[in-house]
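Trainee: Handing you a structure now.
The values are calculated or read from the model by the stated rules, or taken from the named source; none is laboratory data. Note that the structure is a prediction, hence the values are computed from the model and not measured. Glycine gets a Cβ as well: all are built from the backbone with ideal geometry, and neighbour counts include every protein chain shown.
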């Protein structure tokens, strides 16, 4: 298990975009199901409560939402990987940039990868505090949105899950602001936590 040094320092990152979405019907394998995975970027301050961002919804509360998974964050650095995967699977004929929120995330972050953030770390924004709780687990809806059947497997293989956040101090948040990652106990980072469940997704 990877352990930090005795003086784990706070680090800075950038909130590239803030995205919200409402539950809509998604066609998958000939079936219609409700999903809020489709998010769109918004401008200006967005209120953040204990259950997430104002105007954002979750359709399946067994997998997303609630106090422990109120907000979903994803590293901007992984977007190039997904553009490449979609092109290789002939989902996208061109190398067009994917829009923020395409992977279903509320917060698209820059400068913070899964291997550098630990369960229990806190993200301190100007007007709210969010705490890292667990990695995202991919599902069939993610495959549908990405446009090819092995998208979940690729997420697991590349360990690019993103992570859920609890809202410790409600407030507001907006694209373009910086945040400070304040270390918690640091027993397990997000990549390790996600990797521990790899076998379940690769069966």
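Trainee: State yes or no: is residue 193 within 22 Å of residue 65 (Cβ to Cβ), in a helix (DSSP H, G or I) and in contact (Cβ under 8 Å) with a residue 12 or more places away in the chain? Before you say what the answer is, go through the steps one by one.
Mentor: Numbers: within 22 Å of residue 65 (Cβ to Cβ): yes; in a helix (DSSP H, G or I): yes; in contact (Cβ under 8 Å) with a residue 12 or more places away in the chain: yes.
It is true that residue 193 is within 22 Å of residue 65 (Cβ to Cβ), in a helix (DSSP H, G or I) and in contact (Cβ under 8 Å) with a residue 12 or more places away in the chain.
Trainee: If a residue has to be surrounded by fewer than 22 Cβ atoms within 10 Å (Cβ to Cβ) and farther than 13 Å from residue 39 by Cβ to count, how many in segment 52-85 make the cut?
Mentor: Residues in segment 52-85 being surrounded by fewer than 22 Cβ atoms within 10 Å (Cβ to Cβ) and farther than 13 Å from residue 39 by Cβ: 20 in total.
Trainee: Can you find even one residue in segment 124-133 that is in contact with a strand residue (DSSP E or B) (Cβ under 7 Å, 6 or more places away or on another chain), closer than 20 Å to residue 56 by Cα and surrounded by fewer than 16 Cβ atoms within 10 Å (Cβ to Cβ)?
Mentor: Just the residues of segment 124-133 that are in contact with a strand residue (DSSP E or B) (Cβ under 7 Å, 6 or more places away or on another chain), to begin with: 124-125, 127-133.
Filter once more, keeping what is closer than 20 Å to residue 56 by Cα: 125, 127-133.
Restricting the remaining residues to those that are surrounded by fewer than 16 Cβ atoms within 10 Å (Cβ to Cβ) gives 127.
Yes, that holds for at least one residue.
Trainee: Look at segment 11-51 and say how many of its residues are surrounded by fewer than 19 Cβ atoms within 10 Å (Cβ to Cβ), at pLDDT below 85 and closer than 18 Å to residue 163 by Cα.
Mentor: 0
Trainee: Additional query: Going by the structure shown, is residue 172 farther than 17 Å from residue 191 by Cα and assigned to a strand (DSSP E or B)?
Mentor: On the way: farther than 17 Å from residue 191 by Cα: yes; assigned to a strand (DSSP E or B): yes.
Taking the combined requirement at face value, the residue satisfies it.
Trainee: Considering only segment 87-122, state which residues are crowded, with 21+ Cβ neighbours inside 10 Å, in contact with a helix residue (DSSP H, G or I) (Cβ under 8 Å, 6 or more places away or on another chain) and not in a loop (DSSP other than H, G, I, E, B).
Mentor: 108, 109, 114, 118
Trainee: Can you tell me which residue among 141, 185 is closer than 30 Å to residue 47 by Cα, modelled with pLDDT under 95 and surrounded by fewer than 20 Cβ atoms within 10 Å (Cβ to Cβ)?
Mentor: So the residue among 141, 185 that is closer than 30 Å to residue 47 by Cα, modelled with pLDDT under 95 and surrounded by fewer than 20 Cβ atoms within 10 Å (Cβ to Cβ) is 185.
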